[in-house]
Amino acid sequence: MIIGSVENGREDGNGVRKTASSPFRVETPLYLIGWLVAALIIVIVATIFWSMFQEGLPSTKNLLRFSLENFKIVFGSPGFGKAALRTFELGVGMTVVATGVGLPLTWVIHRTNLWGKQFFSTLMFLNILLPGFIKIMGWILLLGPQIGIINLAVRAVFPWIESGPFSPYNIGFMIFLEGIGAVPTFFLMIGGAFASIDPSLEEAAEASGLNRAQIFRKISLPILMPAILTSIIFIFVMSISGYETAALLGAPNRLHFLSTLMFDALNPEVGIPLYGVAGVYAVIMLVPTMIGLYYYQRMMRLSHRFATITGKGYRPKLTDLGKWKVPAMAFVVLYFVINLLLPFLAVVWTSITPSIQLPSAQAFRSVTLAYYPKAFLTLLSQKAIANTILLSLTVGIVGTLLGLIMSWITTRTKMRGRYVLDTFAMMPHVIPGIAIAFAMAFLGLLLAKVVPLYQSMAAIIIANLVKTMPFSTRTMNASLMQIHSELEEAVQTSGASKVVALRKVIVPLITPALVYSFIWTLLQTYKEVTIPLFLISPKNMVLSTVIWTQWSKSANFSVASAISIIMIVVMAVVVSILLKALPGQIRKGF
């Protein structure tokens, strides 16, 4: 069967269809799109690098004036060394926890006959929806040394304990909380690879007498290694540039991290923002990503060893858990209770009470739903709902398509500079969102007379596209590396181009990964607060910035929590509808 269509084809004397030669290849437009995206990333990164050598506020008048004063400030700071080591410790610990929990959880949900798989997949998306700072506030309410509900219960049983005994303000709990919080990202990044793996190899191993643990260790795990290593690199770097947990749980105990030092440089208590100092911290956080990319690209050059989807066809098969079904269910339920249910209940409680307070008879008498109408009125008055829909859908759709294009160029072509493109696509992952937003604000001011970019929705959209590009490309890379080149070769032998092979063969095979990328990108953009907050104006308010301003500036904790619940409920409905609308084969992968 001939797949695809013939473009600019002709037949030779033997009746074999060939593609007419042309100096302009049909994949060239995609190649140009990839380099346009890379150019945008280069401009943003160059802006940050340029700021390292500038004193004071950014100005085009000082483009050729360079100073090393910012480096002296950073490396001369007494807390820099400890902050760097603490950041590395957080990154390693978080990655270990996320992998240790996420790998078995993903396998159980995707490849077994676990009860309620669809329900747990939906909960995984809801995990991403709960804004990070709201979840952390929930845990502070639960484990605060003085007012934490769990601590109060412990002290009621052991009255001689005066304070604590538990506290969230330590590096151990931060590692745990960050690790389990990264599991949804790990789940989505390797989920496409789990759903696409050819089970014939596992069946052959089972017929040879291997048990389930041996099959997973010797067959499935090596095949999934590209996706797993990609996710590990992604999560490790994500921890380095994270801010919310480091700020809310580290600051009370004076635990500083690179991201918090960078934020403090941009938001000093006295004086003007130190953009150059912040730029130095941003560049320092680029180093681990460049090291990780080096090893990742070495592995990708050998990606043919991991290909499992060939022209022979494959069919999904679920593992029967048997007597392990109940323990597996307990493991999954426990994860969602810790990472979703408990902080979610804390947010719900705050949304129906006048202030953050402990549950008691008096507190229950003050329960009210009056804050939800106030939340809706606040959102409508600031056009936050319409702006959020525009932002999330645009970044979700465009970001997934751009990620597919750049990954296809890297993994499926031999075009010159493809690995350079991949490097630029990964680079925004280590740059904190506040740094990307700063670059967009600077460019907006610089181009204000030419392009109305400053404090616009377009600026927020572009910044989020750049920020989410690493996830889209890593997810696409992991799935594309599993597809054997013989499928494309068969299409090209029939006379069609590589673009036809991409559209007719590759895209249908990696549809689960495309759906994962779209949903994850949409959800991350939906709840992103740092980038919109730094580019905020009365005309571009979104749900997350309304929550932030209500919580931190107006101290309307109940209204902020009510808006958070509205965000979660709305997106839960959207995700449920989307999953039900998917074709059955793809939906099973969720």
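At an R0 of 56 angstrom, the distance between the Cβ atoms of LYS553 and ALA204 translates into a FRET efficiency of 0.35. The Rg/Rh ratio of region 315-415, with both radii computed over alpha carbons and Rh defined as the Kirkwood radius, is 1.19. Between ILE397 and ALA448, the simple spin-label model (points 7 angstrom out along Cα→Cβ) gives 3.2 nm.
Semi-axes of the equivalent ellipsoid for region 399-470, computed as √(5λ) from the eigenvalues of its C-alpha gyration tensor and ordered from largest down, come to 27, 13, 11 Å.
The stretch between LYS218 and THR28 holds 64.4 nm of extra length on full extension. This uses 0.36 nm per residue minus the Cα-Cα distance.
Taking θ as phi - 60° and the Karplus parameters 6.51, -1.76 and 1.60, the scalar couplings of region 457-464 work out to 5, 4, 5, 5, 5, 5, 4, 6 Hz in sequence order, x denoting glycine and proline.
Distance between the 7 Å Cα→Cβ label points at SER355 and ASN113: 5.6 nm.
Just order 411-424, 524-537 by mean Cβ neighbour count inside 10 Å, highest at the front, would you? Don't skip to the end; give the middle numbers.
Numbers: 411-424: 16.6, 524-537: 22.4.
Ranking, from highest mean packing down: 524-537, 411-424.
Applying the Karplus relation 6.51 cos²θ - 1.76 cosθ + 1.60 with θ = phi - 60° to region 222-233 yields 3J(HN,Hα) values of x, 5, 7, 4, x, 5, 5, 5, 4, 5, 4, 4 Hz, where x marks Gly and Pro.
Modelled spin labels at ALA46 and PHE376, positioned 7 Å past Cα toward Cβ, are 5.0 nm from each other. The order of the peptides 380-388, 544-552, 448-456, 393-401 by mean Cβ neighbours within 10 Å, most packed first, is 544-552, 393-401, 380-388, 448-456.
Packing, as the average of other Cβ atoms within 10 Å across residues, places the peptides 162-175, 562-575 in the order 562-575, 162-175, highest first. Divided by 2.2 N^0.38 Å, where N counts the residues, the Cα radius of gyration of region 81-200 comes to 1.33. Legend: calculated FRET efficiency, VAL420 to PHE331, from the Cβ-Cβ distance at R0 = 51 Å, rounded to 0.05, equals 0.75.
Each eigenvalue of the Cα gyration tensor of region 132-187, multiplied by 5 and square-rooted, gives one semi-axis; in descending order these are 26, 10, 9 Å.
Taken together, the values in this text are just the output of simple stated rules run on the coordinates, not laboratory data. Computed from a predicted structure; not experimentally measured. Neighbour counts run over all protein chains shown; Cβ positions are idealised from the backbone, glycine included.
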